[in-house]
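Novice: One structure coming up, written as structure tokens, with questions to follow.
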Amino acid sequence: MKKIFILTASVLLLISCGKKEDTTSIEKLIEAKNVKALQEKKVALQTEITKIETALATLDTKKEEALVSVAPVKDTLFNHYLDIQGSVNTKENMLIQPEFSGNLTSLTVKAGDHVTKGQVLGRVDDAGMSQQLANAENQYALAKTTFERQKNLWDKKIGSEIQFLQAQTQMVSAQKGVAQIKAQLAKTVIRAPFSGTVDEVFAEKGQVVAPSMQGLMRIVNLGNMYVSTSVPETYIGKLKVGTIVDVYLTSLGKTYKGKVRQVGNFINPNNRSFGIEVSIPNPDNLLRPNQVAKLKITDYTSHGIVVPSNVIQEDGSGSKFVYTVNGSNGKTGTAKKVFVKVGQSSDNLTEILSGLSKDDSIVTEGVNTISDGMKLNF
């Protein structure tokens with residue numbers, strides 16, 4: 001720019017200094033009608049102008065060069081992802097409640113213990129129901145003996161039908177009484193509803209317990225984990241059971257491969273979304289209920305040309321374009337503006353539907369400093 005200014009100033013100075021003399025000379029030549037001399041002066045001036053234009057063109061060419069980075073276009077697999085946030089959970093996460101109110105006479109587990117389904121965790125005082133059961137079983141045994149004897153007599157046509165039916169009714173009633181007391185007595189025994197680990201114990205032996213918000217203890221099974229989340233209804237046709245999902249746990253910095261195991265059948269009218277559940281493995285036993293998870297669900301896949309999203313530019317009419325390298329010799333080339341049709345974008349990558357071929361090379365860095373036809377160095 002400085003050279004152009006100096007050259008231009010010099011030309012103006014020469015013109016200014018010789019303006020009076022040239023004007024006088026030209027006027028004299030016109031008065032003398034010396035056509036040959038006028039033509040010679042014209043040629044001389046045109047020669048000077050040509051020299052100046054050549055010098056300016058040389059300086060402009062040096063200015064219109066740019067240092068850029070280029071990369072060949074590749075035909076590759078493109079995946080578009082739906083990014084949403086979810087919460088880790090498990091169906092087997094339960095507060096254990098006593099079914100019978102009373103004194104906790106035994107507590108056989110502590111926090112951290114692994115338990116199996118049906119294992120006895122504790123017992124509540126039965127408030128004398130064991131004695132009631134013993135009496136009920138004696139009454140049942142007597143009623144059963146009476147019925148059997150009465151039946152033998154009835155089979156021999158001895159006695160009345162009423163006596164037989166009364167004995168039968170008493171036996172059935174006594175049997176139901178025993179079963180009822182046994183059912184009540186079973187509620188005094190606290191058992192594990194599923195296999196898992198005792199996470200916390202909130203009660204102590206000897207404490208009076210009853211169903212409450214806190215419960216007796218919490219048991220969690222970390223072997224059947226899943227992530228639950230809500231998905232916009234626009235994706236209802238793109239998600240199905242078995243879809244592979246990348247599950248990233250922010251607290252662990254790890255990614256797990258999961259599968260959609262359930263797709264909701266109800267659209268929430270408040271946010272126009274439906275629920276899904278994604279099952280995830282837990283080989284390291286690091287997953288915990290209520291952990292935050294980020295899901296990447298593949299909802300579109302194609303095979304074609306993909307370029308970094310930041311190399312795509314837009315002109316005033318809204319048309320998309322990129323710069324390719326024309327006449328490359330490995331170190332230099334010329335920028336060529338190529339209009340493209342774009343498709344989906346994901347992870348700073350955009351698929352190109354038309355406009356580029358796998359033989360092209362595109363400018364990847366420095367795209368904002370170049371223009372069509374500019375010389376490129378790389």
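The values are calculated or read from the model by the stated rules, or taken from the named source; none is laboratory data. Since we're looking at a predicted model, the values are computed, not measured. Glycine also receives a Cβ, built like all others from the backbone with ideal geometry; neighbour counts cover every protein chain displayed. SASA here: full protein model, heavy atoms, side chains in, ligands and nucleic acids out. Shrake-Rupley method; radii C 1.70, N 1.55, O 1.52, S 1.80 Å.
Novice: Restricting attention to the range 287-306, which residues are closer than 30 Å to LYS254 by Cβ and of a type in the set (Val, Ile, Thr)?
Specialist: VAL292, ILE297, THR298, THR301, VAL306
Novice: So which strands (runs of 3 or more DSSP E) stay within the range 261-359 end to end and still have 1 or more residues that are over 30 Å from GLU92 (Cα atoms) and touching a strand residue (DSSP E or B) at 6+ places or on another chain (Cβ under 9 Å)?
Specialist: The qualifying strands (runs of 3 or more DSSP E) are 292-308, 320-326, 332-339, 341-346, 349-354.
Quick grid of which residues meet (1) touching a Lys or Arg at 6+ places or on another chain (Cβ under 9 Å); (2) more than 30 Å from PRO308 (Cβ to Cβ); (3) of a type in the set (Phe, Trp, Tyr):
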| position | (1), (2), (3) |
| --- | --- |
| ALA71 | no, no, no |
| VAL88 | yes, yes, no |
| MET94 | yes, yes, no |
| LYS144 | no, yes, no |
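Novice: Quick check on the range 12-60: of everything there that is surrounded by 11 or more Cβ atoms within 10 Å (Cβ to Cβ) and assigned to a loop (DSSP other than H, G, I, E, B), which residue is modelled with the highest pLDDT?
Specialist: Filtering the range 12-60 for residues that are surrounded by 11 or more Cβ atoms within 10 Å (Cβ to Cβ) and assigned to a loop (DSSP other than H, G, I, E, B), the one modelled with the highest pLDDT comes out as ASN34.
Novice: Of the residues in the range 188-219, how many are over 40 Å from the mean Cα position of the chain (by Cα) and loosely packed, with under 15 Cβ neighbours inside 10 Å?
Specialist: 6
Novice: Between a residue in the range 168-190 that is over 22 Å from ALA127 (Cβ atoms) and any residue that is open to solvent by less than 50 Å² (accessible area, probe 1.4 Å), which pairs come within a Cβ distance under 6 Å, given they are 6 or more apart or on different chains?
Specialist: From residues that are over 22 Å from ALA127 (Cβ atoms), the pairs are GLN168/PHE147; GLN170/ALA143; MET171/ALA143; MET171/PHE147.
Novice: Okay, next question. Would you be able to say whether some residue in the range 281-294 is in contact with a Phe, Trp or Tyr (Cβ under 9 Å, 6 or more places away or on another chain), touching a residue at least 60 places away in the same chain (Cβ under 8 Å), farther than 16 Å from LEU121 by Cα and open to solvent by less than 20 Å² (accessible area, probe 1.4 Å)?
Specialist: Yes, that holds for at least one residue.
Novice: Return the total of residues in the range 317-337 being out of contact with any Phe, Trp or Tyr (no Cβ under 6 Å at 6 or more places or on another chain) and surrounded by 14 or more Cβ atoms within 10 Å (Cβ to Cβ).
Specialist: Final tally of qualifying residues: 10.
Novice: If SER69 meets every condition in (1) touching a residue at least 12 places away in the same chain (Cβ under 8 Å); (2) closer than 30 Å to MET374 by Cβ; (3) open to solvent by 70 Å² or more (accessible area, probe 1.4 Å) apart from one, which number is that one?
Specialist: Of everything listed in (1) touching a residue at least 12 places away in the same chain (Cβ under 8 Å); (2) closer than 30 Å to MET374 by Cβ; (3) open to solvent by 70 Å² or more (accessible area, probe 1.4 Å), SER69 misses just condition (3).
Novice: Mind listing just one residue for me: the one in the range 193-238 that is touching a Ser or Thr at 6+ places or on another chain (Cβ under 8 Å) and polar (S, T, N, Q) and, of those, farthest from PRO283 (Cα to Cα)?
Specialist: Here the residue is SER230.
Novice: Let me ask another. Can you tell me which residues in the range 132-158 are open to solvent by 70 Å² or more (accessible area, probe 1.4 Å), within 30 Å of PHE100 (Cβ to Cβ) and more than 60 Å from the chain's Cα centre (by Cα)?
Specialist: ASN135, GLU137, ASN138, GLN139, LEU142, LYS144
Novice: OK, next. Which numbered condition trips up GLU365, out of (1) open to solvent by 90 Å² or more (accessible area, probe 1.4 Å); (2) under 31 Å from the mean Cα position of the chain (by Cα); (3) at pLDDT below 90?
Specialist: (3)
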